[in-house]
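The values are calculated or read from the model by the stated rules, or taken from the named source; none is laboratory data. If you're wondering where the values come from, they're calculated on a predicted model, not measured in any experiment. Cβ atoms come from the backbone with ideal geometry, glycine included; neighbour counts cover every protein chain shown. To get the accessible areas, we keep the full protein, side chains included, count just its heavy atoms, and leave off ligands, DNA and RNA. Shrake-Rupley method; radii C 1.70, N 1.55, O 1.52, S 1.80 Å.
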Amino acid sequence: MNRFQRRLLWWSSALTALTGGVYAWMQHLMEPVNEWAVINHPLQPLVLKLHILVAPVMVFAVGMVAVNHIWALYRSGLPRGRATGIWTAAVFGPLVLSGYLIQAVTWATLLGILAWTHLVLGVLAGGALLGHRVAVARGLRARKGALRVLPAVAAVNQSDGG
């Protein structure tokens with residue numbers, strides 16, 4: 001993963017988590033000023049729109065690193081960050097699917113289930129991504145860079161004929 005990909009992934013993930021967290025706080029923890037209000041805070045629609053705009057950038061960033069980082073390192077069998085990487089990748093698909101379905105579903109009961117599922121998956125994905133970063137950093141410090149990732153990725157790519 002090059003510097004651009006890493007930065008795009010981390011910034012888009014952070015902005016998506018921030019806007020999603022602020023929206024969830026406004027939606028579920030705030031009380032409306034007026035008892036007849038449809039929203040709990042005047043900025044709630046703006047925060048939701050920002051979340052909907054920044055989330056596809058995160059999906060794009062994950063797509064950019066999917067083959068050369070996620071899939072290649074999964075196939076290489078490297079232990080450093082493996083469990084947290086698998087958790088992050090496993091949670092990401094259902095997170096994206098639930099986010100898209102929230103925008104398409106009109107049945108109120110299913111919409112509520114999807115919204116709570118999306119919120120829980122978002123918290124799990126954010127925690128898994130942070131855990132992955134910590135696990136990789138600890139592995140790098142413990143080995144002082146002795147275990148290089150790039151040769152392993154090159155070996156996997158070469159065995160695929162690419």
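Data table
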quantity	calculated
Number of the exception - residue 77 against (1) open to solvent by 30 Å² or more (accessible area, probe 1.4 Å); (2) at pLDDT below 90; (3) out of contact with any Gly (no Cβ under 9 Å at 6 or more places or on another chain); (4) on the phi < 0 side of the Ramachandran plot	(4)
Of all residues in the stretch 24-41 being more than 27 Å from the chain's Cα centre (by Cα) and not small (Gly, Ala, Ser), the one that is surrounded by the most Cβ atoms within 10 Å (Cβ to Cβ)	32
Condition met for residue 41 (on the phi < 0 side of the Ramachandran plot and assigned to a loop (DSSP other than H, G, I, E, B))	yes
Which numbered condition residue 7 fails, given (1) open to solvent by 70 Å² or more (accessible area, probe 1.4 Å); (2) in a helix (DSSP H, G or I); (3) at pLDDT 90 or above; (4) over 21 Å from residue 134 (Cβ atoms)	(4)
Selection status of residue 19, touching a residue at least 40 places away in the same chain (Cβ under 8 Å) and either under 12 Å from the mean Cα position of the chain (by Cα) or surrounded by 13 or more Cβ atoms within 10 Å (Cβ to Cβ) (or both)	no
Near pairs, Cβ below 7 angstrom, 6+ apart or cross-chain, from the stretch 121-134 (closer than 15 Å to residue 9 by Cα and assigned to a helix (DSSP H, G or I)) to any residue that is modelled with pLDDT under 95 and among the basic types (Lys, Arg)	none
Filtered residues of the stretch 23-82 (kept if touching a residue at least 40 places away in the same chain (Cβ under 8 Å) and among the hydroxyl-bearing types (Ser, Thr, Tyr))	76
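Each row is one residue, and each column tells you yes or no for (1) modelled with pLDDT under 95; (2) in contact with a helix residue (DSSP H, G or I) (Cβ under 8 Å, 6 or more places away or on another chain).
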{"residue": "98", "(1), (2)": "no, yes"}
{"residue": "101", "(1), (2)": "no, yes"}
{"residue": "118", "(1), (2)": "no, yes"}
{"residue": "121", "(1), (2)": "no, yes"}
{"residue": "131", "(1), (2)": "yes, yes"}
{"residue": "140", "(1), (2)": "yes, no"}
{"residue": "145", "(1), (2)": "yes, no"}
